[in-house]
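Here the structure is laid out as structure tokens; the discussion comes afterwards.
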Amino acid sequence: MRIIFATHNKNKMIEVRAILKDVASEIIAKSELGIDFEPVETGKTFAQNSELKAVGIRNYMQAHDMLQDDDIIMSDDSGLCVNYMLGLPGIYSARYLGEDTSYDIKNARIIHELRHAEGEERAAHFTCDICAAFADGRIFHAEGLFEGLIAKEPSGEHGFGYDPILYLPEYGKTSAELSPEEKNAISHRGKALRKMKELLEKVLREDGASAGKEAAPSEQPFQRIIVMSDSHQRDENVKAVLQKVGMVDILIHLGDAEGSEGRISQYAGDGVHCYFILGNNDFFSKLPKEYELKIGKHKALLTHGHYYGVSMDVENLVDEAIARGCDIAMYGHTHKPFLRVIRGVTVLNPGSISFPRQVDHRPSYLIIDVDAEGELHYKQQYLDRY
Ligand code: ITT
């Protein structure tokens, strides 16, 4: 298993390798794979930006046939948030006063901004959000904070960036006066990386694969479910997928089959329970708008999603799932695969089986294997035809 870390910063790579060395057999900087693609950081939060970077590189690798099935693409976004400056420079830390402005000038300016602030008014922290984007579509985040006060004078030679002005009262030093080892032990990035390490170990254990080792041969699932959406009458891909997957117990179609329900049920075969949901293009159809389905130990809300504004974000859908006691929310409509746990709800979109809109434009669907304990195992899948 490889971790590909999206950074140019050599110091970060040293830290990442030291902390994650037991999780993956290879930890590689994206430049070592010859990737010079730079996703644009248009997010409004550290988490949005770290995700834009990780997912952007994952999609790039997928589109250039560089992605291996068990790759994890990771990136972080960090910065200094100063309370007195309403959280600035925050996500703009690297760009504050201009990318090429020296940190002597940036640091002097922040100290000047706080010339009337005293004591706790000088509170500030570094934040770091790390995002791990799995090749199969799953996304995980871990966050770390490093709190202190803005110093009245810059001090210290270690570290970089804003380290000389973050004063740590309990050490009586600035962050730049700590040795690299001391800083890594308490820093935002160190904390976020250690949290990410724990998270990955748990996820990989659950996946049946421990760090760097081969996955145990997967047991026969108790029940297999195929989830697809937005076929829009282009059914040859549905047929190809069902042939490729073989026997399934349940087929879920999350809308916009546009009248092909009968044909799709036929492709699925006798004895397969098919659930079709009404999409925004299923005019004059009597399909249910939504459906609540018990799967293993869990309860899923099935919807096309357009009523919940899923093209913007999935927050309304998550609210609705929680209100209904569902811990899974499935939707379609956006034609983009999505798989994430948000506020305890597993939110998923299989993408479109016929008209994909994600960067690499591969038709996609999702397999859910239900094990004998009623636990669910999700696999985002793609069809290599267009
Ligand atoms: P990559 O995006 O290539 O990883 P970067 O150095 O720009 O490298 P970030 O986006 O994570 O990394 O950090 C943005 C800025 O936040 C960075 O340029 C510093 O000004 C500041 N910063 C982040 N972590 C810091 C730390 O540990 N010490 C001092 N300044 C830090």
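The values are calculated or read from the model by the stated rules, or taken from the named source; none is laboratory data. As the structure is a prediction and not an experimental result, all values here were calculated from the model. Glycine gets a Cβ as well: all are built from the backbone with ideal geometry, and neighbour counts include every protein chain shown. Surface areas here come from the heavy atoms of the whole protein model, side chains and all, with no ligands, DNA or RNA. Shrake-Rupley method; radii C 1.70, N 1.55, O 1.52, S 1.80 Å.
General remarks:
- Subset of the stretch 127-151 that is free of Cβ contacts under 8 Å to residues at least 40 places away in the same chain and open to solvent by 30 Å² or more (accessible area, probe 1.4 Å) - its residue that is nearest to Val345 (Cα to Cα): Glu147
- Checking Glu170 against (1) open to solvent by less than 80 Å² (accessible area, probe 1.4 Å); (2) among the charged types (D, E, K, R); (3) more than 14 Å from the ligand (Cβ to nearest atom), the condition it does not meet: (1)
- Residues in the stretch 79-91 include none that are within 24 Å of Tyr162 (Cβ to Cβ), among the small types (Gly, Ala, Ser) and open to solvent by 40 Å² or more (accessible area, probe 1.4 Å).
- Only residues that are within 12 Å of the ligand (Cβ to nearest atom) and either over 23 Å from Ser50 (Cβ atoms) or not aliphatic (A, V, I, L, M) (or both) were counted across the stretch 173-211, and they come to 12.
- Residue count for the stretch 90-108, restricted to those that are closer than 12 Å to Leu80 by Cβ and not aliphatic (A, V, I, L, M): 7
- Beta carbons closer than 9 Å, at least 6 apart along the sequence or on distinct chains, pair a first residue in the stretch 92-107 that is in contact (Cβ under 8 Å) with a residue 24 or more places away in the chain with a second that is among the polar types (S, T, N, Q) and open to solvent by less than 50 Å² (accessible area, probe 1.4 Å) for Ser93/Ser78; Lys106/Ser93.
- Residues located in the stretch 155-167, provided they are within 12 Å of the ligand (Cβ to nearest atom) and assigned to a loop (DSSP other than H, G, I, E, B): Gly156, His158, Gly159, Phe160, Gly161, Tyr162
- Gln62 more than 14 Å from the ligand (Cβ to nearest atom), of a type in the set (S, T, N, Q) and loosely packed, with under 14 Cβ neighbours inside 10 Å: no
- Matching helices (runs of 4 or more DSSP H) fully within the stretch 233-326 where at least 3 residues are within 19 Å of Pro356 (Cβ to Cβ): 236-245
- Neighbours by Cβ (under 8 Å, 6+ apart or cross-chain): first from the stretch 176-196, under 12 Å from Ile14 (Cβ atoms); second more than 13 Å from the ligand (Cβ to nearest atom) and open to solvent by less than 20 Å² (accessible area, probe 1.4 Å): Leu193/Leu20; Leu193/Ala142
- So Asp76, is it more than 12 Å from the ligand (Cβ to nearest atom) and under 30 Å from Ala133 (Cβ atoms): no
- Here Ile367 meets the list (1) assigned to a strand (DSSP E or B); (2) closer than 26 Å to Gln48 by Cα; (3) open to solvent by less than 60 Å² (accessible area, probe 1.4 Å) almost entirely, failing just condition (2).
- Among the residues making up the stretch 93-126, those that are away from the ligand (no atom under 12 Å from the Cβ), closer than 24 Å to Asn184 by Cα and either touching a Cys at 6+ places or on another chain (Cβ under 6 Å) or open to solvent by less than 40 Å² (accessible area, probe 1.4 Å) (or both) are Arg122, Ala123.
- Count of the stretch 248-269 residues which are in contact with a strand residue (DSSP E or B) (Cβ under 7 Å, 6 or more places away or on another chain) and open to solvent by 10 Å² or more (accessible area, probe 1.4 Å): 6
- Residue count for the stretch 332-364, restricted to those that are β-branched (Val, Ile, Thr) and part of a strand (DSSP E or B): 5
- Complete set of residues in the stretch 311-328 that are open to solvent by less than 10 Å² (accessible area, probe 1.4 Å) and farther than 19 Å from Lys44 by Cβ: Leu317, Ala321, Cys326, Ile328
- Answer residue from the stretch 1-59, given it is within 14 Å of the ligand (Cβ to nearest atom), of a type in the set (Gly, Ala, Ser) and modelled with pLDDT of 90 or more and is farthest from Cys128 (Cα to Cα) among those: Ser31
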